[in-house]
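**Q** After the structure tokens below, expect a handful of questions from me.
Just so it is clear, none of the values below were taken in a lab; they were calculated from the coordinates. As the structure is a computational prediction, the values presented were derived from the model and not from experiment. Cβ atoms come from the backbone with ideal geometry, glycine included; neighbour counts cover every protein chain shown.
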Amino acid sequence: MLPIRNNINNINIITIPSKTYRIDFNKNRAKGMFDEIKALTQSIYKILITKRYKYEIYDWNYGMEIDDLIGMPKPYVKIEIERRIIDALSIDDRIIEIYDFKFYDIYNDRCSLCVEFIVKSIFGNFNFSLEV
């Protein structure tokens, strides 16, 4: 049998920085760096616009499925979008909670919906919105 030593008092917790490249989605290029809330905001955006299961480079837990919601009744879509956003963002350990979902119709368009919610993260709380 091996002796067990209790060195729990000697554990150092190290926080790894969340620094990442700043992506300019309009010009399709990376320019500069982000950290903390801005890096997390960009990560959330990337997760939510990426179609789950479509790209081999990403794990099957990365991204969100929304194509099957096209043409469905809006009350159902709102419930499903909320559930799917929470599911998609659950892979990021910087996010503590996602809450206070609000939905807005865009330009009286029957196919577009804007979702807004609050993200509680290890860096603080912030609002996030996305057109789906």
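**Q** Would you work out which of Phe128, Trp60, Asn28 lies farthest towards the positive end of the dipole of region 14-131, given +1 charges on the beta-carbon of Lys and Arg and -1 on that of Asp and Glu, about the Cα centre?
**A** Result: Asn28.
**Q** About its Cα centre, what dipole magnitude does region 14-131 give when the only charges are +1 on Lys and Arg Cβ and -1 on Asp and Glu Cβ, stated in debye to the nearest 20?
**A** 400 debye
**Q** May I pose another question? May I ask you to list the lysines whose Cα is less than 30 Å away from that of Lys19, ignoring any residue fewer than eight positions away on the same chain?
**A** Lys27, Lys31, Lys38, Lys46, Lys51, Lys54, Lys102, Lys120
**Q** Which whole-Hz couplings ³J(HN,Hα) result when phi for each residue of region 75-88 is put into the Karplus expression 6.51 cos²θ - 1.76 cosθ + 1.60, θ = phi - 60°, listed in order with x for Gly and Pro?
**A** Result, rounded to whole Hz: x, 5, 4, 4, 5, 5, 4, 4, 5, 6, 5, 4, 5, 5.
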